[in-house]
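S.K.: Got a structure here, written out as structure tokens. Questions coming.
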Amino acid sequence: MLVLIVELLNTGIEAAINRHGMEMHQWSGIAKDVASAAVLLALLQCAMVWLVIGLA
């Protein structure tokens with residue numbers, strides 16, 4: 001569930017940045033990269049939880 005929530009937030013951030021303007025700004029790229037990194041961390045956390053539960 002956490003991955004879905006973070007992915008929805010990522011989509012919202014990207015949509016808001018794209019709505020503001022399509023020209024590339026350094027901070028726009030950083031915001032998109034950080035949101036994508038949050039999705040990756042959520043996926044890694046999900047995998048770790050599954051591993052811990054599976055090995056228990």
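Quick note: the coordinates plus some simple rules give every number you see, no bench work behind them. Remember, it's a predicted structure, so these values are computed and weren't measured experimentally. Every residue, glycine among them, receives a Cβ derived from its backbone with ideal geometry; neighbour counts consider all protein chains shown.
S.K.: With a sphere of radius 15 Å drawn around the Cβ of H25, what net charge do the other residues whose Cβ falls strictly inside it have (Lys, Arg +1; Asp, Glu -1)?
M.R.: Numbers: positive: R19, K32; negative: E14, E23, D33.
Overall, the nearby charge balance is -1.
S.K.: Continuing with this model, one more query. Using a Förster distance of 25 Å, how high is the FRET efficiency between K32 and M1, based on the Cβ-Cβ distance and rounded to 0.05?
M.R.: 0.60
S.K.: Work out, step by step, the length gained on full extension between A47 and M22: first 0.36 nm times the residue separation, then minus their alpha carbon distance; give nm to one decimal.
M.R.: Computed gain between A47 and M22 is 5.5 nm.
S.K.: Further question: Give the angle, between 0 and 90 degrees and rounded to the nearest 10, that separates the Cα long axis of helix 26-55 from the longest principal axis of the Cα atoms of the chain.
M.R.: With rounding to tens, the tilt is 10 degrees.
S.K.: I want to verify a result. In a Gaussian network model of the chain, Cα cutoff 10 Å, which of these has the top mean-square fluctuation: G12, G21, G29?
M.R.: G21
S.K.: Here is a follow-up. Between rounded, prolate and oblate, where does the stretch 5-56 land on the alpha carbon gyration tensor, with a ≥ b ≥ c its root eigenvalues, rounded for a/c under 1.5, else prolate if a/b exceeds b/c?
M.R.: Taking the square roots of the gyration eigenvalues as a ≥ b ≥ c, the stretch 5-56 is prolate.
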